[in-house]
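What follows draws every value from the coordinates through simple rules; no lab data is involved. Computed from a predicted structure; not experimentally measured. Every residue, glycine as well, gets a Cβ built from its backbone with ideal geometry; the counts of neighbours run over all protein chains shown.
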Amino acid sequence: MARAALGLGGVHALVLLAVASVALLPLVISDDGYGHCEGVVRGWADSSTGRDKDGDKLSLKDLLFFLHIPRTGGRTYFHCFLKKLYTNAQECPRSYDKLRFDPSHPDCKLVVSHDDYSLTSKLPRERTSVVTILRNPVDRVFSTYEFSVEVAARFLVHKNLTSAKLMSTRLLTKSRAVSTLDIWPWKYLVPWMRQDLFARRDARGGDKVPSSKKVNAYDVEDMVMPLHQYINDPVAHEIIHNGATFQITGLTNNSYFDGAHEVRHCVRQHPDLGRIVLEVAKNRLDQMLYVGLTEDHEESARLFAHMVGAQVLSQSGTLNLDLKEDLHTENDSHPSMVEPEDEETNEHLNSTHGWQTNEALNSTSDEQGKGNMTVGKLMEAYETCIAKLRKSQSNRRKISLKKVEEANFSKEARKLVPEAILKEIISFNSLDMELYDHAKKIFTQEHLMLKAQQSGVGQDRLLAEQKGWTEIICSNGICSPWMVVMLGLGITAIIALVSFAVTTRRRTSKLKV
């Protein structure tokens, strides 16, 4: 009996042990998964850290790589700055086209691309300077959504999705141009949104549904995918959220690094590993020649002109720097400067019904070498150019959104978006939020360095003038005693003459009285 009870107790013990093992199994598996991911992320970080700390980061090298984070105003810099500083021949062929990009061109001095930092593996790293612009992550997500809708809506001129795809293919084949649909991330985001727009149009049975009530432009569900649905979709988590961090670390789904997907997957599965990726991103920003901010567009443009533009002009021999013309203070403003909030103007040749390059863009290209360019003149040209681009962009957006006119995007409309959605965007982009704060610190440092540099140049000019007198009496650091004596006698004679003139004038005044 006792033996039977003991046997029964042993069975119970085995059952309890089995249940406990099964219960603990997910924890063991989870721990193993975390350990594997931690090894993957740390291994990548170790191989990525410290490779960029070579030379003076403030000196422009042979090749300039403008790492264009989407929806930060980078196309404005390309057309209104870089197209004036570099000739077409100096721009690397098909910078935006990963499949056909060729950095080996003998005169290639400029790369402007949405490709992430891993592109530097194809460039001469020791001879390449990197610059970029960051934007408040919440505004960047809004702008990405708006541009996805805007470009996709242009296809609604076709009767159905099949017809739109066929026409796009024909136009691209005929023109052999680079389309928005060829460029990351739009080659993923636009087709996704395009398919959704056609599905919603088919569901409502027509182009428009008149509405008498005021609607939130970011929640027009019968016409456009609502913003809250957009940001929660797996596509957005793969491409948009924390996009700046992944782009600067070279870990996008467009990366040249084969292990990018695994690192990115591990960070999404275990968010605390994102801290490791974030530190690499911060280090990359620290090593860049220039970091701009979309929100502080005026000062960003001025810093770019001084920190990058001046060096390009100097290297090409066309710079004639007049220090007096552009030493602005923090309180200075330019009435003609307009905000480039969504100035992704003419985002490449659009593939629907023959949208062609803007005249405004054509008029801004290749002005390098036309007379003596100064930083001040470069800024004036930038202001004129950006005003044209903003007007062109505004007109094109109105036409593009005509088929979904209730999606009337604007700053005012953004204010109507519920607070809960804004908090979601911030949560999904926690790495980008911290990286943006770091970029603001770098931006402040750049501003201080520029002021110190300008002050130093002014002092150098005074020293140069003083040096001119020194060189009269000294040669190779050795001063002639006779020349020093003669100079001293000359100065004494001048002082004596001035004193005599002053004394004579006083005596004359007394006699008159």
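Observations on the model:
- Members of 187/282; 61/187; 57/440; 83/391; 84/282; 159/402 lying beyond 23 Å, as alpha-carbon distances in this model show: 187/282; 61/187; 84/282
- Once the Cα-Cα distance is subtracted from the 0.36 nm per residue extended length, the residue 419 to residue 36 segment shows a gain of 134.2 nm.
- Highest mean first, the peptides 265-274, 132-141 sorted by other C-beta atoms within 10 Å per residue fall in the order 132-141, 265-274.
- FRET efficiency estimate (nearest 0.05) - Cβ-Cβ, residue 391 to residue 228, R0 30 angstrom: 0.40
- Residue 56 versus residue 159: modelled label distance in nm, points set 7 Å from Cα along the beta carbon direction: 6.6 nm
- Derived scalar couplings between HN and Hα for segment 241-252 equal 5, 6, x, 5, 4, 5, 6, 6, 8, x, 10, 6 Hz in order, rounded to whole Hz, by the Karplus curve 6.51 cos²θ - 1.76 cosθ + 1.60 (θ = phi - 60°), x for Gly and Pro.
- Between residue 449 and residue 380, the modelled label-to-label distance comes to 2.9 nm, taking each label 7 Å out from Cα in the direction of the beta carbon.
- Peptides ranked, highest mean first, by Cβ atoms within 10 Å: ranges 161-171, 109-119: 109-119, 161-171
- Sorted peptide list for 282-294, 146-158, 414-426, 434-446, criterion being average Cβ within 10 angstrom, highest first: 146-158, 282-294, 434-446, 414-426
- Residue-wise HN-Hα couplings along segment 161-169, as the Karplus relation 6.51 cos²θ - 1.76 cosθ + 1.60 with θ = phi - 60° gives them from phi, are 5, 4, 4, 5, 5, 4, 5, 4, 4 Hz; Gly and Pro carry x.
- Residues whose amide H falls under 5 Å from that of residue 292, counting only those 5 or more places apart or on a different chain, are 132, 133, 134, with hydrogens built in the peptide plane.
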